[in-house]
1. Check G21 against each of (1) touching a Phe, Trp or Tyr at 6+ places or on another chain (Cβ under 8 Å); (2) farther than 22 Å from E72 by Cβ; (3) surrounded by 15 or more Cβ atoms within 10 Å (Cβ to Cβ) and name the one condition it does not meet.
2. Restricting the first residue to region 41-70 and requiring it to be closer than 19 Å to T29 by Cα, which pairs with a second residue that is among the basic types (K, R) and at pLDDT 85 or above meet a Cβ separation below 6 Å and a spacing of at least six or different chains?
3. Which of the residues spanning region 53-65 are outside any loop (DSSP other than H, G, I, E, B) and open to solvent by 20 Å² or more (accessible area, probe 1.4 Å)?
Amino acid sequence: MAGVQDQLEIKFRLTDGSDIGPKTFPAATSVATLKESVLAQWPKEKENGPRTVKDLKLISAGKILENNRTLEECQIPLYDIPGGLTTMHVVVQPPSEKEKKATNQAQQNKCVCVIL
């Protein structure tokens, strides 16, 4: 019985309503590891996808999950129900203003030479 409760089946709901998963994870899995899994399985055809784990936020039961916590520590609802499927919402953070400015400056600082 302990083996059943040590596993959690999770699907990840993206903002457009599509899903990644479901996939089974041990209760000792960190939120950062879940984000890595989502990043690896992210549909390539989707625009504005995350570039790094830091771009992702996982939300379960209205709470933003912290990277350093495990599923067990987050007290995920339905964890105690054998065979229960948990849906976590995935939000991609837009680039910060600093990142946008750095990208724009890098593009503006390009030197272009034309020889006729």
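The values are calculated or read from the model by the stated rules, or taken from the named source; none is laboratory data. Predicted model only: the values in this text are computed from it and were never measured. FYI the Cβ positions are ideal-geometry reconstructions off the backbone, even for glycines, and counts take in every protein chain you see. The accessibility values were calculated without ligands, DNA or RNA, using every heavy atom of the protein model including side chains. Shrake-Rupley method; radii C 1.70, N 1.55, O 1.52, S 1.80 Å.
1. It fails just one condition, (2).
2. Listed by first residue and then by second, the contacts come to V53/K35; L56/K35; I64/K57.
3. V53, K54, D55, K57, I59, K63, I64
For (1) hydrophobic (A, V, I, L, M, F, W, C); (2) part of a helix (DSSP H, G or I); (3) at pLDDT 85 or above, each residue gets a yes or a no:
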residue: P22; (1), (2), (3): no, no, yes
residue: A28; (1), (2), (3): yes, no, yes
residue: K35; (1), (2), (3): no, yes, yes
residue: V38; (1), (2), (3): yes, yes, yes
residue: R51; (1), (2), (3): no, no, yes
residue: L78; (1), (2), (3): yes, no, no
residue: P94; (1), (2), (3): no, no, no
residue: K101; (1), (2), (3): no, yes, no
